[in-house]
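Enquirer: Structure below; questions to follow.
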Amino acid sequence: VTENRSDLEDLHLYATPREQRFRRFASLEFEGQLYMTPYDFIQAVTSDEPKRTKKWRSLSKQELNQILMETPPVWKGSSKLFRNLNEKGVISYTEYLFLLCILTKPHAGFRIAFNMFDTDGNEMVDKKEFLVLQEIFRKKNEKRERKGDEEKRAMLRLQLYGYHTSTNSVVKTEGEDLVPRSYWDTLRRSTSQALFSDLAERADDISSSLSDTTLLVHFFGKKGKAELNFEDFYRFMDNLQTEVLEIEFLSYSNGMNTISEEDFAHILLRYTNVENTSSYLENLRCTIPEEKGITFDEFRSFFQFLNNLEDFTIAMQMYNFASRSIGQDEFKRAVYVATGVKLSPHLVNTVFKIFDVDRDDQLSYKEFIGIMKDRLNRGFRGYKPVQRYTTFKSCVRKELYSR
């Protein structure tokens with residue numbers, strides 16, 4: 001089944017930003033439901049737009065079965081899983097949201113995430129427990145419908161979830177107008193309610209109406225009878241974070257072992273809503289004139305720190321209460337105390353040079369945290385291309401600054 005451009009744009013008007021992004025990058029359709037390939041997912045979290053304009057390709061039952069038959073078990077997972085699968089995989093919309101959540105979670109939070117799915121407390125997660133997230137994510141993603149929206153939203157629900165849903169068949173919550181801050185918040189708040197609702201019972205009905213996916217087969221086997229233990233779950237989440245970071249790093253390193261400090265700044269600012277990125281980049285060029293480079297280990301440690309940003313914010317507030325300025329030593333200590341991550345002196349210095357716009361070697365932590373929260377939301381918001389300067393233009397501007 002293919003859809004012409006006008007129909008696609010028409011449904012886009014009724015879709016949330018997350019739904020729009022999924023529909024824009026998804027390339028497969030099976031029985032009316034859209035799917036991403038692993039390649040599509042990687043593109044969706046590392047690229048501004050799909051590399052090629054394409055209509056959704058309709059999969060036959062035979063093709064889908066062949067794809068699932070070639071899906072490796074979870075114990076064979078690696079930090080190249082998505083790249084190795086490439087186009088040979090199917091990822092549903094709710095799984096897309098789940099995978100996006102994984103990219104922003106600290107390692108210490110993986111146990112909490114696992115326990116939320118392990119509703120019977122047996123230290124294992126089965127397919128039925130995992131499918132509860134279908135309804136929880138749908139609940140979070142429900143959009144209040146205006147009169148006249150019902151038909152279009154029903155088409156979107158069928159396209160994204162594979163089955164018709166009624167707006168009443170969701171987890172009942174108090175304070176319906178209160179919107180949790182994140183999907184992980186929703187899971188945390190909703191899983192305990194799911195234990196006492198009909199969601200677990202309805203998981204069987206949901207399962208029978210949905211097709212298996214690469215993720216379900218990867219976790220629970222081709223027959224869906226296997227159970228997922230914490231070690232395998234942890235390894236999957238850690239591998240996915242590493243894989244996306246490797247892809248971003250390699251896209252700038254050009255085969256080298258390091259990326260430039262300016263490229264590091266580009267990566268940080270690319271996913272934010274900063275309007276004038278040039279001031280940050282110029283500040284870096286003028287204060288770090290000689291390139292030393294950022295290694296992948298440094299790059300990865302910084303993003304492990306970012307996934308603990310809430311704990312770091314608390315540490316920064318304590319410095320603020322004590323009326324202490326935040327220099328590089330204070331920053332490095334706060335990162336380690338709050339997150340357990342050790343950042344190299346060169347990486348800390350680079351971060352300061354990017355965000356210390358007034359050049360007093362003190363960090364405006366509120367500005368830094370605000371921008372980094374934008375960065376953590378990558379995949380949930382639109383992408384803004386970062387302005388790039390040629391070497392000649394950069395040198396000219398640096399010369400002007402020195403006069």
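Enquirer: Taking only the stretch 1-22 into account, find how many residues are surrounded by 13 or more Cβ atoms within 10 Å (Cβ to Cβ), in a helix (DSSP H, G or I) and at pLDDT below 90.
Expert: Residues in the stretch 1-22 being surrounded by 13 or more Cβ atoms within 10 Å (Cβ to Cβ), in a helix (DSSP H, G or I) and at pLDDT below 90: 8 in total.
Enquirer: In this structure, is L199 at pLDDT below 90, touching a Gly at 6+ places or on another chain (Cβ under 6 Å) and among the aliphatic types (A, V, I, L, M)?
Expert: Working: at pLDDT below 90: yes; touching a Gly at 6+ places or on another chain (Cβ under 6 Å): no; among the aliphatic types (A, V, I, L, M): yes.
Against the criterion (at pLDDT below 90, touching a Gly at 6+ places or on another chain (Cβ under 6 Å) and among the aliphatic types (A, V, I, L, M)), L199 does not qualify.
Enquirer: Tell me the residue from A315, A334 that is open to solvent by 10 Å² or more (accessible area, probe 1.4 Å) and modelled with pLDDT under 90, please. First the steps, then the outcome.
Expert: On the way: A334 fails: open to solvent by 10 Å² or more (accessible area, probe 1.4 Å).
The unique qualifying residue is A315.
Enquirer: Give the residue, chosen from N84, N122, N115, that is modelled with pLDDT of 95 or more, surrounded by fewer than 16 Cβ atoms within 10 Å (Cβ to Cβ) and not basic (K, R). Show your work before the answer.
Expert: Numbers: N122 fails: modelled with pLDDT of 95 or more; N115 fails: modelled with pLDDT of 95 or more.
Matching residue, one of N84, N122, N115: N84.
Enquirer: Of everything in the stretch 26-65, what is open to solvent by 20 Å² or more (accessible area, probe 1.4 Å) and among the charged types (D, E, K, R)? Give them in sequence order.
Expert: E31, D48, E49, K51, R52, K54, K55, R57, K61, E63
Enquirer: Within the stretch 266-311, count every residue that is among the aromatic types (F, W, Y) and at pLDDT below 85. Full working, then the answer.
Expert: Filtering the stretch 266-311 for residues among the aromatic types (F, W, Y) gives 271, 280, 296, 299, 302-303, 305.
So of that shortlist, the ones also at pLDDT below 85 come out as 271, 280.
Here the count works out to 2.
Enquirer: If you take the residues of the stretch 341-381 that are small (G, A, S) and in contact (Cβ under 8 Å) with a residue 40 or more places away in the chain, which of them is nearest to C286 (Cα to Cα)? Full working, then the answer.
Expert: To start, the set of residues in the stretch 341-381 that are small (G, A, S) comprises 344, 364, 370, 379.
Now narrow it down to the ones that are in contact (Cβ under 8 Å) with a residue 40 or more places away in the chain: 344, 379.
Details: S344: 21, G379: 32 Å.
Here the answer is S344.
Enquirer: Regarding P72, is this residue touching a Leu at 6+ places or on another chain (Cβ under 8 Å) and either more than 21 Å from Y271 (Cβ to Cβ) or assigned by the TED database to the domain that holds L216 (or both)?
Expert: On the way: touching a Leu at 6+ places or on another chain (Cβ under 8 Å): yes; either more than 21 Å from Y271 (Cβ to Cβ) or assigned by the TED database to the domain that holds L216 (or both): yes.
Yes: the conditions hold for P72.
Enquirer: One residue is enough: does the stretch 176-188 have a residue meeting the conditions modelled with pLDDT of 50 or more, farther than 21 Å from R23 by Cα and of a type in the set (A, V, I, L, M)?
Expert: Yes, that holds for at least one residue.
Enquirer: Please enumerate the residues belonging to the stretch 62-89 that are in contact (Cβ under 8 Å) with a residue 60 or more places away in the chain and in a helix (DSSP H, G or I).
Expert: Result: L64, I67, L68, M69, V74, W75, L81, F82, R83, L85.
Enquirer: Tally the residues that are surrounded by 16 or more Cβ atoms within 10 Å (Cβ to Cβ) and assigned to a helix (DSSP H, G or I), restricting the search to the stretch 90-108.
Expert: Here is the first cut: in the stretch 90-108, the residues surrounded by 16 or more Cβ atoms within 10 Å (Cβ to Cβ) are 90-107.
Among the residues that remain, those that are also assigned to a helix (DSSP H, G or I) are: 93-102, 107.
Adding up the residues that qualify gives 11.
Enquirer: I need every pair where a residue in the stretch 257-281 that is free of Cβ contacts under 8 Å to residues at least 60 places away in the same chain has its Cβ under 7 Å from the Cβ of a residue that is surrounded by fewer than 19 Cβ atoms within 10 Å (Cβ to Cβ) and outside any helix (DSSP H, G or I), sequence separation at least 6 or different chains.
Expert: Qualifying pairs under 7 Å: N257/T295; T258/G293; T258/T295; I259/G293; S260/E291; S260/G293.
The values are calculated or read from the model by the stated rules, or taken from the named source; none is laboratory data. Keep in mind that what you see is a predicted model, and the values were worked out from it rather than measured. In this analysis, Cβ positions are derived from the backbone assuming ideal geometry, glycine residues included, and neighbour counts consider all displayed protein chains. For the accessible areas, the whole protein counts, side chains as well, though only heavy atoms, and no ligand, DNA or RNA atoms are used. Shrake-Rupley method; radii C 1.70, N 1.55, O 1.52, S 1.80 Å.
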